[in-house]
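Visitor: Here it is, the structure in full.
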Amino acid sequence: MRIGVLTAGGDCPGLNAVIRSVVHRAVAAHGDQVIGFEDGYKGLLDGYYRPLDLTGVSGILSRGGTILGSARLEKGRLEDAVANAPALAKKLGIDVLIPIGGEGTLTAARMLSDAGMPVVGVPKTIDNDINATDRTFGFDTAVGVATEAMDRLKTTAESHQRVMVVEVMGRHAGWIALESGMAGGAHGICLPERPFDPADLVKMVEERFARGKKFAVICVAEGAHPIEGSMDYGTGEIDQFGHERFKGIGTALAHELEHRLGKEAKPVILGHVQRGGTPTAYDRVLATRFGWHAVEAAHRGEFGKFTALRGTDIEMVPLADAVSELKTVPEYRMAEAESVF
Ligand code: F6P
């Protein structure tokens, strides 16, 4: 079998672990050939690829990013690929495509699959917002980075009696804010799923200082919004990939709190630091398992599906389920962290 692999969308720690796992299982156990497309779907469309063998994936398990490169694809280009999907697979000589990516990548995978290309998807994203899988790799690493940042910010915040507003990633789903906020002991957490009232945060900080505490840390997801009319914060424009360009809620909220509290409030934007560097052990293991199962599914001819973590098992689930809706933070998970909302 000849397998094509690509990584698309925003990168995340663990992508290389999947690539390595696919190559090991495919080459060593099945005697397959594996090729890796450069820069996501662009490589597939433009025919840029390279053979991947055991030597080529040696030493990449713990390396962040992706050795294949990644890119987001403009909508029009994907439509061309979908229109020619079976012919494209034939031209490239691949028996199956394993795209590794988030919601956008798996939506494209589903379109290619529906159009007749044999596809087995692997879900990734630090946001953990892919439906029908309990976890995506990259998330554990991102939560670890954000938690460590909050641990560090607390000591400096306390020394200077400051409020720290830590902005983490999460456009539509607040999983990183929820879990890093809980693990980092944030005193307030703001998620995209539930608009927040800055007045509640002001009250929380004032009460803390009245109790003799000298600092506060607030963890805010980049996609969080204040309740309409509660503070000045407009919505962003839409970029060429259909994503909202955020106006910077961390900075806006810090300014608002500083103004209302009369205390120093500093924004800390963690940004792409959350996506860089070495994956945690958890993410390496999950990514390796996904790669193994993707190859096995390809050999069983289970196309149009993706590898999903269900409990502790990996199951093959229709790609349609991955992209039917985003997995956002449910109310009951917010309730568990309620004391800090
Ligand atoms: O989807 C993953 C993600 O890291 C989001 O959390 C974030 O909003 C986005 O990608 C950033 O994308 P880019 O790398 O294009 O700035």
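No lab work stands behind these numbers, since they all come straight from the coordinates. Computed from a predicted model, the values in this text were never measured in an experiment. A quick note on method: Cβ atoms are made from the backbone with ideal geometry, for glycine too, and the neighbour counts reach across all protein chains shown.
Visitor: Taking the Kirkwood radius as the inverse of the mean 1/r across Cα pairs, report the Rg/Rh of the chain.
Guide: Taking Rg over the Kirkwood Rh, I get 1.03.
Visitor: Over the range 1-130, what is the relative contact order in whole percent, taking alpha-carbon pairs under 8 Å and six or more residues apart?
Guide: Computed value for the range 1-130: 32 percent relative contact order.
Visitor: For the range 1-117, compute the orientation-averaged projected area of the C-alpha convex hull (one quarter of its surface), in nm².
Guide: Over every viewing direction, the Cα hull of the range 1-117 projects on average to 6.4 nm².
Visitor: Among GLY229, VAL202, GLY170, flag the residue with its Cα farthest along the positive direction of the charge dipole of the range 143-275, charges on Cβ as +1 for Lys/Arg and -1 for Asp/Glu.
Guide: VAL202
Visitor: List the chymotrypsin sites (Phe, Trp or Tyr not before Pro) within the range 227-312 that DSSP assigns to loop and that have no more than 13 neighbouring Cβ atoms inside 10 Å.
Guide: Those satisfying the criteria are PHE241.
Visitor: List the relative contact order of the chain as a percent without decimals, with contacts defined as Cα pairs under 8 Å and 6+ residues apart.
Guide: RCO, the chain: 23 percent.
Visitor: Also, quick follow-up: Just need the relative contact order of the range 143-275 here, percent rounded to a whole number, with Cα pairs under 8 Å and 6+ apart.
Guide: Dividing the mean separation by the residue count of the range 143-275 yields 33 percent.
Visitor: Which pairs break 31 Å Cα to Cα here: LYS124/LYS214; LYS90/LYS327; LYS90/LYS124?
Guide: Beyond 31 Å between Cα atoms: LYS124/LYS214; LYS90/LYS327.
Visitor: Binning at 10 angstrom from zero up to the longest distance, how are the C-alpha pair distances of the range 95-162 distributed in percent?
Guide: Distribution as computed: 20, 32, 21, 14, 9, 4, 0 percent.
Visitor: Would you mind checking which residues have amide H under 5 Å from GLU193's amide H? H placed 1.01 Å from N; only 5 or more apart, or other chain.
Guide: Under 5 Å from the amide H of GLU193 lie the amide H atoms of GLY174, each far enough along the sequence or on another chain.
Visitor: Report the residue, chosen from ALA210, ALA146, ALA85, that carries the largest GNM mean-square fluctuation when the chain is represented by alpha-carbon nodes joined by springs under 10 Å.
Guide: Ranking ALA210, ALA146, ALA85 by mean-square fluctuation puts ALA210 first.
Visitor: Now for a separate question. For the range 182-229, state which trypsin sites (Lys or Arg not before Pro) are in a DSSP loop and have at most 14 other beta carbons lying within 10 Å of their beta carbon.
Guide: ARG211, LYS213, LYS214
Visitor: Additional query: Can you give the percent of C-alpha pairs in the range 143-275 whose distance is more than 20 Å?
Guide: The calculated P(r) of the range 143-275 puts 39 percent of pairs beyond 20 Å.
Visitor: Can you sort ASP313, ASP114, ASP39, ASP129 from fewest to most other Cβ atoms within 10 Å of each residue's own Cβ?
Guide: ASP313, ASP114, ASP39, ASP129
Visitor: In the chain, if the dipole is taken from +1 on Lys/Arg beta carbons and -1 on Asp/Glu beta carbons about the Cα centre, which of MET316, LEU15, PHE303 is farthest to the positive end?
Guide: Positive-most Cα among the choices belongs to LEU15.
Visitor: Hey, how many Å between the Cα centroid of the range 180-223 and the Cα centroid of the range 23-44?
Guide: About 45 Å separates the Cα centre of the range 180-223 from the one of the range 23-44.
Visitor: Separate question: Give the cross-link partners of LYS42 among the aspartates and glutamates, using a straight C-alpha distance below 14 Å as the criterion and excluding same-chain residues fewer than 8 apart.
Guide: Of all the aspartates and glutamates, those that pass the test against LYS42 - Cα under 14 Å, at least 8 places apart if same chain - are GLU74, GLU79, ASP80.
Visitor: Something else: From the phi of every residue in the range 198-206, what ³J(HN,Hα) in whole Hz does the Karplus formula 6.51 cos²θ - 1.76 cosθ + 1.60 yield, where θ is phi - 60° and glycine or proline is x?
Guide: Along the range 198-206, the couplings run x, 4, 5, 5, 4, 4, 4, 5, 4 Hz.
Visitor: Using the Karplus curve 6.51 cos²θ - 1.76 cosθ + 1.60 with θ = phi - 60°, work out ³J(HN,Hα) for each residue of the range 304-318 in order, rounded to whole Hz, and write x for Gly and Pro.
Guide: x, 10, 9, 7, 10, 8, 10, x, 10, 9, 9, 10, 8, 10, x
Visitor: Label GLU206 and GLU237 with points 7 Å out from Cα along Cα→Cβ: what is the distance between them in nm?
Guide: About 3.9 nm separates the two model spin labels.
Visitor: Related question: Would you mind telling me the antiparallel percentage of the DSSP bridges in the chain, rounded to 5?
Guide: Taking every DSSP beta bridge with both residues in the chain, the antiparallel ones total about 30 percent.
Visitor: Still on this model: Could you size up the charge dipole of the chain around its Cα centre, putting +1 on the beta carbon of Lys and Arg and -1 on that of Asp and Glu, and report it in debye to the nearest 20?
Guide: 800
Visitor: Starting with the fewest neighbours, write out HIS187, HIS225 ranked by other beta-carbon atoms found within 10 Å of each beta-carbon.
Guide: HIS225, HIS187
Visitor: By count of other Cβ within 10 Å, fewest leading, how are MET169, MET111 ordered?
Guide: Lowest to highest Cβ neighbour count: MET111, MET169.
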